[in-house]
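In what follows, a structure is listed as structure tokens, so that the remarks can point back to it.
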Amino acid sequence: MNNELNDGKRKNMKDNTIFISDENGKEREMRIYLTFDIAEKQYVVVYEEGKEEDLYAFVYDDEGNLYAVDDADEMDQIEEVINSYGIEEEKED
């Protein structure tokens, strides 16, 4: 899972799309893959259209601010959720 996008703000939740600034300040349109909570924190996992294999995870607050996840243990928990979500999606197909 990548984490090269900067902290930002959700600007548009229409059609599961958000805009996040990259390291150069350029806004990138991202699709929401998954949202979930762990230990009273809210997470959003996003990807760029056409690059579904590159997932980015952020913590978000009630005002829509996004924060990078820097803790390795926290990232492990996020990856476990993503992996189990993918398994559940395959079962539904």
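Within segment 42-66, the set of residues being free of Cβ contacts under 8 Å to residues at least 24 places away in the same chain and closer than 15 Å to V81 by Cα comprises Q42, V59.
Conditions (1) out of contact with any strand residue (DSSP E or B) (no Cβ under 6 Å at 6 or more places or on another chain); (2) in a strand (DSSP E or B); (3) crowded, with 16+ Cβ neighbours inside 10 Å, marked per residue:
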residue	(1), (2), (3)
Y33	no, yes, yes
D37	yes, yes, no
V46	no, yes, yes
E53	yes, yes, no
F58	no, yes, yes
D70	yes, no, no
E80	yes, no, no
S84	yes, no, no
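A short reminder: the numbers here are calculations on the coordinates, not readings from a lab. Owing to the predicted nature of the structure, the values given are computational and were not obtained by experimental measurement. Please note: Cβ atoms are built from the backbone with ideal geometry, for glycine as well, and neighbour counts cover all protein chains shown.
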